[in-house]
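Shown next, in structure tokens, is the structure this report addresses.
Derivation of every value follows stated rules applied to the coordinates shown; laboratory data play no part. Note that this is a predicted model, so its numbers are computed, not measured. We place every Cβ from the backbone using ideal geometry, glycine too, and count neighbours over all the protein chains shown.
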Amino acid sequence: MWLMYLKVFLVGGFICMLGQILIIKTNITSARILVLFVVIGALLEAFGLYEPIVTFAGAGATVPITGFGRSLAKGAIQAVKEKGILGIFTGGLTATAGGIAAAVIFAYIFALIFSSKTKKF
Amino acid sequence: MDVKERNKKYNEYVDAKVPKTKNFPTLIYAYLVGGVICMIGQGIQDILLALFPSLTLEDAGAWMLIILIFFASLLTGLGWYDRIGVFAGAGSIVPITGFSNSIASPAIEFKKEGIIFGLCVKMFSIAGPVIVNGVAISVLVGIVYLFL
Amino acid sequence: MKVGNQTIVFKNKPKIIGSYSVAGEKEGYGNFKEYFDYVLKDDKFGEKTFEKAERKIIEHTIFKAIDSANLTVADIDLLVSGDLLNQIISSSFTARHFDSTFIGLYGACSTMAESLAIGACMVDAKHFINVACATGSHFSTVERQYRYPLELGNQRPPVSQWTVTGAGCSILSLKGKSNIRISSATFGKVTDYGIKDANNMGAAMAPAAMRTIITHFEDTKSKPEDFDLILTGDLGKLGSEIFLDLMEHHGYKLGNNYNDCGQMIYNNNQKTFQGGSGAGCSAVVLNSYIFKKLQEGTFKKVLFAATGALLSPISSQQGESIPGICHAIVLERSDD
């Protein structure tokens with residue numbers, strides 16, 4: 001059990017550190033990092049390379065945004081299996097609908113409640 | 001000396017002059033914060049599985065992400081997430097919470113320009129490309145898989 | 001009278017008969033806290049949006065500057081002002097409250113020097129009697145226009161500068177009591193050395209500063225040693241180093257009499273990386289610290305050269321390089 005948490009920490013932290021290396025080396029913006037990591041996650045999943053990482057590290061692989069890419073690719077593959085051509089279009093978003101809808105609706109609610117504050121540092 | 005050559009020389013000079021220090025600690029902070037966020041995710045998932053034995057691993061994972069997204073939006077609204085971000089860099093950008101922050105922060109910022117054209121339009125000004133490219137890659141993967 | 005290519009020497013030497021500076025909370029913790037006339041306790045200044053706050057800060061500064069010159073609003077016959085927001089809304093919306101003619105400027109962070117140079121020309125030629133020259137900026141309005149939402153959890157790159165919240169206003173006239181005069185002004189040329197990194201504005205503006213200041217020396221046949229202080233606007237720490245290297249490359253070695261507003265305004269613990277920037281940066285430093293030191297007699301002659309990076313969010317997204325501009329004025333202390 002605790003070994004699992006260690007694995008989660010090591011793998012999840014490592015993926016984040018790769019992002020930080022990119023920031024330092026290239027001054028890349030956060031939007032580009034997110035795009036890049038989603039695409040990498042989806043490609044790894046498509047080649048069957050991401051699933052072993054999820055089995056090994058659990059949330060350490062699903063919480064980083066690469067896990068979002070993995071869901072997109074996994075959803076597309078599954079939907080194509082079940083529905084054929086239609087699955088190409090429905091698969092990706094169906095698998096990630098929960099995350100996107102949650103992000104949108106919570107952002108909507110909290111944006112109505114809160115206002116932005118000046119940065120102090 | 002012509003302008004092109006002058007500019008090239010000046011850019012090379014500036015690149016050499018730009019300070020390249022104190023990068024190493026930020027890697028550790030990113031690792032720590034990113035790792036801890038993933039551990040919290042794993043914790044939520046394990047608790048959910050223990051409380052609701054009928055839940056599949058996949059559904060528990062989906063719930064876990066939704067809960068993380070909720071708290072990231074809340075922290076963004078309270079004005080705390082950007083402070084974590086200053087410290088952690090990619091450690092709080094790469095996890096799904098960073099995706100949530102990138103949707104909530106422009107929504108909050110542009111509320112003053114109106115609900116529709118401010119909040120709703122600007123909501124995707126940072127996360128939009130993620131969804132667009134994510135959908136594109138999933139369609140591509142689907143097409144390739146269809147012909148395999 | 002125009003001397004050389006770009007410099008105007010003022011026969012009547014317009015006086016600075018009033019000035020006022022308002023600085024934000026963060027700036028209030030910096031190096032000049034005791035010099036600012038007013039430090040904000042709340043960055044929104046009691047307003048609903050940051051844009052309205054910026055407007056109110058500039059407005060408040062102009063009113064108080066007019067007060068400090070012992071004039072009334074009706075005495076001001078020209079307002080010269082600019083800011084960093086699209087369509088310079090802060091300045092033109094502020095001008096609604098003044099019954100004076102208005103010239104709106106966009107010189108990015110060089111606006112304080114630009115407005116003083118234009119104002120001095122007007123006063124020296126006796127076209128206008130009392131001229132108010134103002135500018136200001138607000139961290140939060142600039143951040144959302146040029147960069148990212150405030151609540152986005154990202155890291156600022158190490159070459160970046162912190163936009164100053166604050167505003168400054170100086171009142172120019174030939175009448176009235178003051179021992180600070182503007183003796184000459186050098187208008188700058190747009191200079192682009194091909195820097196594309198919108199975070200590294202110091203490097204983009206340093207060549208413009210070098211060009212204007214060297215032109216000033218040549219036009220007026222002066223030397224760096226003639227000045228107690230040569231002050232650039234907001235090149236920041238890195239930009240200042242680059243500027244000094246450029247000057248040395250052209251045969252001018254600046255010594256201890258050189259400094260930069262962006263470099264001076266914050267202390268080292270404030271995590272601003274390269275220092276301050278924004279139109280308000282040079283405006284608050286000039287209208288507080290510099291004028292007080294001139295009045296006290298610590299400085300007798302100051303070359304004030306504010307620099308501006310003339311980029312827009314669209315131009316940098318389209319991959320364009322950043323043109324810079326620098327305008328310079330000479331401030332002299334004269335006992336009369």
- Query: Each residue of segment A:44-49 in turn: what ³J(HN,Hα) in whole Hz from Karplus with 6.51, -1.76, 1.60 and θ = phi - 60°, glycine and Pro shown as x?
  - Reply: 4, 4, 4, 8, x, 9
- Each residue of segment C:3-9 in order: what ³J(HN,Hα) in whole Hz does its phi give by Karplus 6.51 cos²θ - 1.76 cosθ + 1.60, θ = phi - 60°, with x for Gly and Pro? 10, x, 8, 10, 10, 10, 9
- Flagged as over-length at 27 Å C-alpha distance, from A:Lys25/B:Lys8; C:Lys44/C:Lys196; A:Lys119/B:Lys20; C:Lys177/C:Lys237, the pairs are C:Lys44/C:Lys196; C:Lys177/C:Lys237
- Item | Mean Cα-pair separation over length for segment A:2-113, i.e. relative contact order, pairs under 8 Å, 6 or more apart, % | 23
- Note on the structure: Non-local residues with an amide H under 5 Å from the amide H of C:Leu229, with H modelled 1.01 Å from N and Pro and chain starts lacking one, are C:Lys301, C:Leu303
- Which ³J(HN,Hα) values, rounded to whole Hz and listed in residue order, are derived for segment C:140-157 from phi using the Karplus coefficients 6.51, -1.76 and 1.60 in 6.51 cos²θ - 1.76 cosθ + 1.60 with θ = phi - 60°, glycine and proline given as x? 6, 6, 5, 4, 7, 7, 9, 10, 10, x, 4, 8, 6, x, 10, 9, 6, x
- Note on the structure: Computed for the protein assembly as shown: size of charge dipole around the Cα centre, +1 on C-beta of each Lys and Arg, -1 on C-beta of each Asp and Glu, debye to nearest 20, value 220
- Which trypsin sites (Lys or Arg not before Pro) from segment C:90-181 combine a DSSP loop assignment with at most 14 other Cβ atoms within 10 Å? C:Arg96, C:Lys126, C:Lys175, C:Lys177
- Task: Counting other Cβ atoms within 10 Å, keep those with at most 14, restrict to DSSP loop, and tell me which trypsin sites (Lys or Arg not before Pro) in segment C:1-62 are left.
- Result: C:Lys11, C:Lys33, C:Lys41, C:Lys48
- Give the dimensionless ratio obtained when the Cα radius of gyration of the protein assembly as shown is divided by 2.2 N^0.38 Å. 1.10
- Message: Is there a quick way to get the dipole size of chain C? I mean about its Cα centre, with the Cβ of Lys and Arg at +1 and of Asp and Glu at -1; what is the value in debye to the nearest 20?
- Response: 320
- Query: Can you list the lysines whose alpha carbon sits under 24 Å from that of C:Lys2, skipping same-chain ones fewer than 8 residues off?
  - Reply: C:Lys11, C:Lys13, C:Lys15, C:Lys126, C:Lys175, C:Lys189, C:Lys221, C:Lys223, C:Lys300, C:Lys301
- Message: Compute, for chain A, the length of the dipole vector about the Cα centre, with Cβ point charges of +1 (Lys, Arg) and -1 (Asp, Glu) only. Units Debye, rounded to 20.
- Response: 400
- State the three equivalent ellipsoid semi-axes of segment C:11-173, derived from the C-alpha gyration tensor as the square roots of 5 times its eigenvalues, in descending order and whole Å. 28, 16, 15
- Query: Just A:Lys74, A:Lys83, A:Lys25 to compare: in a GNM of chain A, with alpha carbon springs under 10 Å, which one fluctuates most?
  - Reply: A:Lys25
